[in-house]
Amino acid sequence: MTSLRFMLYQLRRNPLSIIGIVIILTFIIIAIFAPIIAPPPEGHIDPYMIPRDGYSPIPKPPNEEHLFGTTEGQYDIFYGVIWGTRSAFRVGLIVIGVVLVVGIVLGSLAGYFGGIIDEIIMRITDIFLAFPILILAMAITVALGPSPDNVIIALIIASWPSYARLIRGDILAVREEDYVEAARGMGGSHLRIITRHILPNSIYPTLVMASLDIGAVVLYAAALSFLGLGAQPGYVDWGQMISFSRNWIVGPPGNPLAYWYTVTIPGLFILLFVLGWNLLGDAFRDILDPRLSRK
Amino acid sequence: MELRAYIVRRLLLIIPVLFGVTLLIFGLLQLFSPVERAALYVTDPKQFANIAEVIEKYGLDQPVWVQYGHWITEIFQGNLGWSKVVSQPVTSAMLNFLPATLELAIFATPLIIFGGIFLGSKAAAHKDKAIDHATRLGAIVGWSLPTFWLGLMLLMVFYGLFSGLFPPERLSTEMNIVVHSEAFTQYTKLHIIDAILNGNGRVLLDSLRHLVLPVITLTVVNLAFIMRLMRSSMLEALGKGYILTARAKGLDENTVVSKHARRNALIPVLTVSGYIFAGLVNGVVITETIFNYKGLGWWAWQSAVNLDISGVLGFALFNGVLFVFTNLVVDLLYARIDPRVRLGGKVT
Amino acid sequence: MKPKGIRKVCWLLVTTLIIAAMMLPACAEGEEVTEEVAEPPIKNPTIFIQATIGDAETMDPAYAYDSASNEQIQTIYDPLIFYDGASTTEFVPILATEWTISEDGKIYRFKIREGVKFHNGNDLTPSDVEYSFERGMVQDYGMGPQWMIFDPLLGIGTSSRTDDGLIPLEDITNAVEVDGQWVQFNLAAPYAPFLQILAGSWGSIVDKEWCIANGDWDGTQASYKALNDPSPGGSPLQSIANGTGPFMLERWDAGVEISLVRNDNYWGELANFERFITKVVDEWTTRKLMLEAGDADWVYVPRAYYGELEDVEGLTVYKDLPQLTADAFFFQFDISPESPFVGSGQLDGNGIPLDFFTDIDVRKGFAYAFDWETFINDALTGEGQQVASPVIEGLSYYNPDQAMYYYDLAKAEEHLRAAWGGEVWEKGFSITIAYNAGNERRKTACEILQAGLFAINPEFKVGIQVQQWPTMLRGMYMQLLPVFIIGWGADYPDPHNFVYPYMHSSGDFSEWQSYSNPEVDALIEQGIAVVDPAERQAIYYQLQELYIEDVPSFIVAQLVGRRYFRDWVQGFIFNSIDPAEIGHVYTLSKEY
């Protein structure tokens, strides 16, 4: 496996991945210190609902009280994007975490045991893979009712099959390797063989995909919110904030960029967040992919 | 013979998959209570007075399997139901909205695949040079862009700022009338092809102009996927022994890259074409919605948002069939390019 | 795959797109040079183009019950009579040249215009008129508009379906009779708004011969049975049309656009446009840009975005148009024990008892806690007005001087202190109110009510729940929602169409609420059956007073709307009952 020094060396050689790490670290800090950076106003019950300053549908530009201005319906943009970092991590990490576990369990079962188990699991993934993720997630959110938790459930249901499939494929590749045979010969239990010998040698492509997918999952969640299938209005969610800005893309004639802040700021937050994970995932790929290392 | 058996087997596999798809969607539908499902027929509370009648008429309070039985029988008779959002049978909705989406795909797919391959191999050939970083960064930013945001921004600039340069929709009003006039025969309903067949340059230009923004939106977001894959598989290929040999023989770098490395690097790219298809469908939903480009994606979105279950199911079935066929074709191609792969060895 | 080939294809595509992009603006500029006037040239001078949201559901006049369909149908088909300009009580003859009403208000006779032809060339006859109404009642789509025909002709609350099967065909055919050039309607009881009903799109006259040829009702019992209550889209006239109106259906790309062409054989003056095109454009930004570019002559503008068009040049705006629709907060008098929105279900500070709202002081307290001014000025940007009762402005017998509730926390406190023998005040309550997903306006109203109650007593805890449309409907129907906000839009411009759903014990909303007041019921039944305007006025004034006294619900606001046209569009007439926001396209023209 790669040594720490080699990792650091690779990272140094690749300025893009450093940018990625910086971006993600910044977002982690923002998420942790959200209550300090953007404290909820007094008497505000649920910090995950953006405080409103009035009810007017017309956005207001940045001012002293509202650092980034307000969206339509007077939701504070600064508060929304800061706390939205938490929802983004929440969606990304929960979905990818659960999907990884489900994928690893089902993928290992299918790949390791093969036969009828493999056939059944793979046919089930076929059914799910017949839907593009966004479409299936749309259908599930519609059926469950729009809420942040249901978006997470929908994305988990829609995205586990590709993980199960990927892990199965990688396990198939190492299943017949000598060291696995050896472990089997020594009478190791199936669980032990899978967790000790097979997974450590086959999980890296999946981890790389997972780090890249955290960004993708956040994009899907944002798209769902944008399409009107996400959180309820006012929930701290970047996608929804863009949907608030959707109708304010072009300002009045003579001043087409009058409402730039409603569009640009939440858009930039999503972009940077996803970008960070993608850069990081890329760096991981370069480092962890044993076929590429130390060429 | 082997090939035919393989194809037959793959086609047979479509049946359980589609059966599963119907079960999945029907299962989702059961998350609604009978009253809620009856309410799906209602757009205004004043229509709700007859709700008990509706429940009885459509048997919404019957046991699940009875309802599923009714429903699947209808499907076998070719009746996919009524798509409420577009007021027509689901089958005719699919036929009506397919050409628009096809037109988008015809332009976007080659741009995505060839553009991705080209940029990916360029980046790999100059690994860690400026061109590598620039293309990678560009692609990653593209990949990270929310499609809906990009689309709205493009619309703002090219329809708002440069008033009317690249308008939304499929055709201008004027050309739409031409297309639907008697003098213009709609052979395929793909405006571009029809325009060429009719020899009508204005319709051709008009529809091209309407395609620019949606095609760009779709391409930017999906290009990165191929590009990155191409880059890494190209890097892998460039590290192989035969490349070293070729270099040692003194072949110039261009020949090495394009003749030897790229061909081998293409194989993994080809195997993920299925994912490109999925990416396109995802992208098409949002792109068509934003540009008011009425195709299958727009219809799917409308169906989902308005809880038009027949529409969602029809779209999913259609997708399922298409997806399975795409994968079949990809696997066949795969076998052709890489002679080491033997058909039937692996069923994905 | 040769790399050279790949590159070639790429370049070919890119260049094609670029060339296309460059050539088109050039063409467009060429056209503009020809005219050098201060005003921009009128785009598409012979076509009226509108961009709206939501497509028509059907072209069948008997089935259509959504304004998008009604709009198209009333352009393709003609009714017997239609509203005179902006009036909702005066009528002009269309396919009927004259009409009489018997003294007892039970017999309406119409003389049918001669020499009128349907789009397919068939002549209009009185039997077409008879057929049109009978066919509608025979079809009687369960979620359609036919109740409006049944109510006057066969009695309030009737339909073609009873528990014992279909009503006899004779009941239907006896209701409308031909007498020479006249057609006679036999009403079950006097029904004051009958003329208004006839002016709606459900009063359109269809061609009997053509209908039968297309598989519609042929007069037999068998066909009555087969065609009654069709499934969605199951009417033979679903997507075809053949009327006598000023425009003919040319093409309906469902979900995309509807194109109508001028009827050059129209019996009256010809329409000003060769074509009338309705595009379905969901995205507001796109619609706005279409309007600014002149590609559309009128677009649907959601009220939140009125401000965006304030300074746009080249537009004509019509403001302060009262809409015949009113949202209200409804109280549930008999909450279902299954309701998840009542907390503990007891008056212990963590919930409410199921009969919480039977105490009038609770209802009054809630009404005084709603801040109308903030709601109308902020959420509606001033585009609304407070009204006392469901008899809103624009309906006959609207009483502008009716006293109403206002935002007064002291009064709210007074009532809530008195409620439930002071227990409410002492212990507080916890309740969840609901609105339907996607309706930001209703959400804001809920928040304002929440804030008002919280300000009186921090123990008054109101949660807000967003619900998808079917879930919300179920919640109302199953009496799960203690308080819900929803609205009613007019079918015809008569107060009966509003007091009935809001106040009658079997009204659409009040029945769900389990609200019942025998005095109110009696007045409503009397109001529809008397003909004398003075008598009706007294009744409806009294109902408005009773609504305020009883507070079964309270009206949040009556919306006032705007219409934005290109400035080259002339001839807009606002009639509050018109299903089309542009008014009738027949009256419009494009000129400076």
* May I ask for the net charge around C:Ala434, where only other residues with Cβ less than 12 Å from the Cβ of C:Ala434 are counted and Lys, Arg are +1 while Asp, Glu are -1? => +3
* Asked: How far is it, in nm, from the label point at A:Arg5 to the one at B:Ser92 when both lie 7 Å from their Cα along the line to the Cβ?
  -> 7.5 nm
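How would chain C be classified by its alpha-carbon gyration tensor: rounded, prolate or oblate, with rounded meaning a/c under 1.5 and the a/b versus b/c comparison settling the rest?
On the way: a/c = 1.83, a/b = 1.20, b/c = 1.53.
Because a/c hits 1.5 or more and a/b fails to exceed b/c, chain C counts as oblate.
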* **Alpha-carbon centroid distance for the pair region B:34-111 / region B:236-307, whole angstrom** => 34 Å
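Could you work out [θ]222 nm for the protein assembly as shown from helices alone, using -39500 (n - 2.57) per DSSP H run of at least four and dividing by all its residues? Round to the nearest 500 deg cm²/dmol.
Values: 45 runs with 623 residues, N = 1235.
Helix contribution divided over all residues of the protein assembly as shown: -16000 deg cm²/dmol.
Give B:Lys46/C:Lys117; C:Lys288/C:Lys590; B:Lys84/C:Lys288; B:Lys122/B:Lys240 a once-over and call out the pairs whose C-alpha atoms are over 25 Å from each other. Don't skip to the end; give the middle numbers.
Details: B:Lys46/C:Lys117 35 Å; C:Lys288/C:Lys590 19 Å; B:Lys84/C:Lys288 27 Å; B:Lys122/B:Lys240 18 Å.
Listed pairs above 25 Å: B:Lys46/C:Lys117; B:Lys84/C:Lys288.
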* To do: Place +1 on the Cβ of every Lys and Arg and -1 on the Cβ of every Asp and Glu in the protein assembly as shown, take the dipole about the Cα centre, and give the residue among B:Leu333, B:Leu235, A:Ile117 whose Cα lies farthest towards its positive end.
  => B:Leu235
* Return the distance in nm (one decimal) between the two label points of a simple spin-label model at B:Ile267 and A:Ile21, each offset 7 Å from Cα along Cα→Cβ. => 3.5 nm
* Asked: What's the center-to-center distance, using Cα atoms, between region C:153-191 and region C:220-292 in Å?
  -> 28 Å
* Structure fact -> In debye to the nearest 20, the charge dipole size for the protein assembly as shown, taken about the Cα centre with +1 at each Lys and Arg Cβ and -1 at each Asp and Glu Cβ, equals 9580 debye
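For the peptides C:515-527, A:99-111, what is the packing order when you average, over each peptide's residues, the other Cβ atoms within 10 Å and list the highest mean first?
On the way: C:515-527: 17.4, A:99-111: 21.2.
The packing order, highest mean first, is A:99-111, C:515-527.
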* Asked: Given +1 on the Cβ of Lys and Arg, -1 on the Cβ of Asp and Glu, and no further charges, what dipole in debye does region C:57-136 carry about its Cα centre, rounded to the nearest 20?
  -> 200 debye
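Summing Lys, Arg as +1 and Asp, Glu as -1, what charge do residues with Cβ under 10 Å from the Cβ of C:Arg109 carry, C:Arg109 excluded?
On the way: positive: C:Lys111; negative: C:Glu98, C:Glu177, C:Asp179.
Net of charged neighbours comes to -2.
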* Which lysines does C:Lys461 reach when only Cα atoms under 29 Å apart count, and residues fewer than 8 places away in its own chain are ignored? -> C:Lys364, C:Lys411, C:Lys427, C:Lys443
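Under 8 Å for C-alpha pairs, at least 6 residues apart: give me the relative contact order for chain C, rounded to a whole percent. Before the final figure, lay out the partial values.
Details: 1157 pairs, mean separation 104.2, N = 592.
Value for chain C: 18 percent.
Suppose R0 equals 41 Å. What FRET efficiency, 1/(1 + (r/R0)^6) with r the Cβ-Cβ distance, do B:Ile196 and B:Ile15 give to the nearest 0.05?
Numbers: r = 39 Å, r/R0 = 0.95.
For B:Ile196 and B:Ile15, the calculated efficiency is 0.60.
What is the gain in length, in nm to one decimal, between C:Asn265 and C:Ile573 on full extension, counting 0.36 nm per residue of separation less the C-alpha to C-alpha distance? Could the numbers behind the result be given before it?
Working: separation 308, 0.36 × 308 = 110.88 nm, distance 2.45 nm.
That works out to 108.4 nm of additional length.
By the gyration tensor of its Cα atoms, with a ≥ b ≥ c the square roots of the eigenvalues, what is the shape of region B:88-308: rounded for a/c under 1.5, prolate for a/b over b/c, or oblate?
Details: a/c = 2.24, a/b = 2.05, b/c = 1.09.
Prolate, because a/c is 1.5 or more and a/b exceeds b/c.
Given contacts defined as C-alpha pairs under 8 Å and at least six residues apart, what's the relative contact order of region B:88-308, whole-number percent? Each step should come with its number before you reach the end.
Numbers: 254 pairs, mean separation 70.0, N = 221.
With pairs under 8 Å counted, the relative contact order is 32 percent.
Given an 8 Å cut-off on Cα distances and at least 6 residues of separation, report the relative contact order of chain A as a percent.
Values: 410 pairs, mean separation 74.9, N = 295.
It rounds to 25 percent for chain A.
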* **region C:221-291, dipole about Cα centre (Lys/Arg Cβ +1, Asp/Glu Cβ -1), debye to the nearest 20** => 80 debye
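If you count the DSSP beta bridges with both ends in the protein assembly as shown, what percent of them are antiparallel, to the nearest 5?
Working: 61 of 80 bridges.
Approximately 75 percent, going by the DSSP bridge assignments.
Coordinate-derived values only; no laboratory data. Bear in mind that the values here come from a model prediction, so they are computed numbers and not experimental data. Counting neighbours? That spans all protein chains shown, and the Cβs are built from the backbone with ideal geometry, glycine included.
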